[in-house]
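Bear in mind these aren't lab numbers, they're just calculated from the coordinates by the rules spelled out. Nothing here was measured: the structure is a model prediction, and the numbers come from that model. Cβ placement follows ideal geometry from the backbone for every residue including glycine, while neighbour counts extend to all protein chains displayed.
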Amino acid sequence: MTARGARWLGVACLAASIVLSALGQLAMKNGMRHLHLAGADEIAWPITSAPVRAAIFWTAVGLAAYGASLVAWLAVLVRYRLSYAYPLLALSYVLVYVGATHWPQLLEPATPTRTVGTLLILAGVALASLTGGGSAR
Amino acid sequence: MNDVLLLLAVALLSASQVLQKVGATRRLAGKQKPAEWIAALFSPELAAAIVCIVVGTGLWLAVLYRMDVSRAFPFLSLTTVVVMAASRFLLREPVSLYRWAGVALIAAGITLVAST
């Protein structure tokens, strides 16, 4: 592989693990929300209740995304130092916040404090990845 | 008691990152085939990393069930700092002052995001 191709693959793995980890969190949260909607008597075998089915579906999607993000993360760690890559993973908190406040199924309230928090994370990620040396092992 | 369990979860999740890094460098570097990757997941380093993630996440969720997120999240932000210290002192990676400052901002941000 060319050096340019290898670099592109590293960035793609990093982006995939950040996005998949955020999607995993949002899907699992949605699964738990559906479970909350179901009455206690609906949690029974065989599963006929729509909320329980939705809960299982979203939790499974969340776990699958989580597993995929773990594999992508290992591919990241092959290529970058842990001290370079780990701070970037905090971007998934920002994605979770944007997703949780905008996904119609969740629509959690955005608050000024939380928005300031996500901006701090973004500033921190920028600062942490400012100095290079990431690609050496 | 809950605080002790949360600290244990932070320790396990941080240890998992170090184990994943060691496993990736030792077992995955240069490997291309999916079968080689699956085999590597059973190496001592990566198997231990996965156990740490599963137990750490389980512990985290169990405590979260009984505690406010806003109280629990500052502990999670500790992970960022602990992983950075482990990279520096266990893995001997160079960590610049900028990076330490960035990590401090990230930890503060995570705490704010979880506050109500």
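Observations
- Alpha-carbon Debye profile of chain A, log10 I(q)/I(0) at 0.10 Å⁻¹: -0.44
- The stretch A:1-64 - Debye-derived log10 I(q)/I(0), Cα point model, q = 0.18, 0.28, 0.29 Å⁻¹: -0.66, -1.03, -1.07
- Sparsely packed chymotrypsin sites (Phe, Trp or Tyr not before Pro) within the stretch B:36-85, loop by DSSP, other Cβ within 10 Å at most 14: B:PHE42
- Site pair B:LEU7 and B:ASP68 shows an inter-label distance of 2.2 nm when each label is modelled 7 Å from Cα along Cα→Cβ.
- Unit charges on C-beta of K, R, D, E only; dipole of the protein assembly as shown, Debye: 920 debye
- Only helices enter this figure: runs of n ≥ 4 DSSP H residues, each worth -39500 (n - 2.57), summed and divided by the residues of chain A, yield -25500 deg cm²/dmol at 222 nm to the nearest 500.
- Panel order for B:LYS21, B:LYS31, by other beta carbons found within 10 Å of each beta carbon, from fewest to most: B:LYS31, B:LYS21.
- Separation of the A:ALA15 and A:ILE43 label points, Cα + 7 Å toward Cβ, nm: 4.0 nm
- Per residue, chain B reaches -26500 deg cm²/dmol at 222 nm when only DSSP H runs of four or more residues are counted, each adding -39500 (n - 2.57).
- The C-alpha atoms of chain A define a longest principal axis, and helix A:112-128 lies at about 30 degrees to it.
- Toward the positive end of the charge dipole of the stretch A:1-117, with +1 on the Cβ of Lys and Arg and -1 on the Cβ of Asp and Glu, the farthest Cα among A:ALA110, A:VAL71, A:TRP8 is that of A:TRP8.
- Partner chain coverage, peptide B:89-99 - average Cβ within 10 angstrom: 5
- Magnitude of the charge dipole, chain A, Cβ model with Lys/Arg +1 and Asp/Glu -1, debye to 20: 620 debye
- Cross-link reach is defined here as a Cα-Cα straight distance under 20 Å, omitting same-chain residues fewer than 8 places apart; for B:LYS21 the aspartates and glutamates meeting it are B:GLU36, B:GLU45, B:GLU93.
- Plainly put, the protein assembly as shown has a radius of gyration that is 0.98 times its Kirkwood radius, both from alpha-carbon atoms, as the Rg/Rh ratio.
- Label-to-label distance for A:THR131 and A:MET32 is 3.6 nm, based on points extended 7 Å past Cα in the beta-carbon direction.
- Shielding value for A:71-78 is 5, the average number of Cβ atoms from other chains within 10 Å of each residue's Cβ.
- Taken about its Cα centre, chain B carries a charge dipole of roughly 320 debye when the Cβ of each Lys and Arg holds +1 and the Cβ of each Asp and Glu holds -1.
- Stretching B:TYR98 away from B:VAL81 to a fully extended chain increases their span by 4.8 nm, per 0.36 nm per residue minus the current alpha-carbon distance.
- Semi-axis lengths, largest first, of the ellipsoid equivalent to the stretch A:33-75 are 29, 9, 6 Å, with √(5λ) applied to each eigenvalue of the Cα gyration tensor.
- Note on the stretch B:34-116: Cα-Cα pairs beyond 22 Å make up 46% of the total pair count.
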